[in-house]
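Taken together, the values in this text are just the output of simple stated rules run on the coordinates, not laboratory data. What you see is a predicted model, and the numbers here were worked out from it, not measured in a lab. Neighbour counts are summed over all protein chains in view; Cβ atoms, including those assigned to glycine, are modelled from backbone coordinates with ideal geometry.
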């Protein structure tokens, strides 16, 4: 149920809470219930009023749970106010004239068409604009240094970021820039701080992110830490890289020279060519020297270095490598030696050499012993071939054993005491008898048909003669018989041939003699030739 807080004349005022000396009242459409002095609110209009030189602000949060429509009896009349003015209900219309109060706008409100409206986001205005007067406007809010715009509000930049002032909060959102630390700075609680002495850091750490650290400066080799600074080691001393210059002072170690080094002005220097020195000379102490190198057996000096003699040469020990170059002497091979990979090597069995060859030169060879004909190699020596065998000359006695070849007899030879011997006259033998084997013999030659024996050889009968086969060529000479032509044959090239048609010849022509001829047949009277034959003429006809 509403509470009537105050009444003044014909006005009924319902009050709320106060803030900043300015108060707000409600313009009420109200009525009075019968038998009660209280006002029942039927509608609410929030307005401002000026009362006793003080602004009051009132809020009314609920209405009566009674009938919200005024009854027909005892109504209170409400008049509309002028634009930009307000009046609470309750003026007595039977009384004198009353007036409406100007509506004064709150902080961050401006007048538009006689209404107090909220300033646009990102703008502001002081309180007191008169809504009954002309329109007013809000002023854009300008963000300060290290502020940015977020949803039309100026908010502080995040730690580790910055921004120049002047952003208008009425505009779009803006961003702060990240603070980037410079060289030799690190991030601590979103601030860039100088690196501690003896440490460094590359530029670029982002102060808006997590804390960072600087890296200790590590001294390079041959430096030490002195008052958080890397300084060079004293002459003749050394130090490994890695001393932390952010820590306490460090020291360098004496430099001990390596093998074949000596001390010169606190520096380890290489020994002069051809000299040597053991390791351990202290470079921080006085100067030292190196000792000459003496070459060993079969070594010589080359560019102040002891080098092995070239293959095939030799030298005594003691050459001084710190002096001029020396030379080795060539090795000379002896008799029956040859050069192999610059070494004197005995000749292989079956070969010889006269000696005197230079072992420092190219490889040489021994001269192989070559066996003469009818000798073979046995145990790198030349030995005669076995009876009945032969061998051509030239077998290399330095090589593997060789063999002689069995002597194979030619045709018409036979073996006699491991020798190929000609067959006796009139006998023969096939080739291939092995002279290294047992004795063989020849076979008598039997002459064929139309052959005769002449000086133990079967020879063909002379043209125009014949002979039966079977004569033994190993016997005495034999003869062939002449061929005698038959009747009506003639001799041509020692052959009996039939006479040509129409001719004849007597028998007895000797085919081994000269050629003969047949005699033409002459027809008698009253005959004619038909197919090389004399035939009788037809009756009543004579030959013409």
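Take 528, 376 and order them by how many other Cβ atoms sit within 10 Å, fewest up front.
528, 376
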Cα principal axis extents for segment 81-204, largest first, Å = 95, 22, 15
task = Kindly give Rg over Rh for segment 489-535, based on alpha-carbon atoms, with the Kirkwood expression for the hydrodynamic radius.
result = 1.11
task = Pull out the extension gain between residue 279 and residue 523, defined as 0.36 nm times the separation in residues minus the alpha carbon to alpha carbon distance; nm, one decimal.
result = 73.1 nm
ask   = Two-decimal Rg/Rh of segment 416-542 from alpha-carbon positions, Kirkwood Rh?
value = 1.40
query = Taking 0.36 nm per intervening residue step and subtracting the Cα-Cα distance, what contour gain separates residue 303 from residue 316 on full extension?
reply = 2.8 nm
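Based on other C-beta atoms within 10 Å, arrange 510, 91 from fewest to most.
Least crowded to most crowded, the residues run 510, 91.
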request  = Mind jotting down the distance between the C-alpha centroids of segment 120-184 and segment 303-358, whole Å?
outcome  = 102
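Quick one: Cα convex hull volume of segment 347-464, Å³ per residue?
On the way: hull volume 18.2 nm³, N = 118.
Dividing the Cα hull volume of segment 347-464 by its residues yields 154 Å³.
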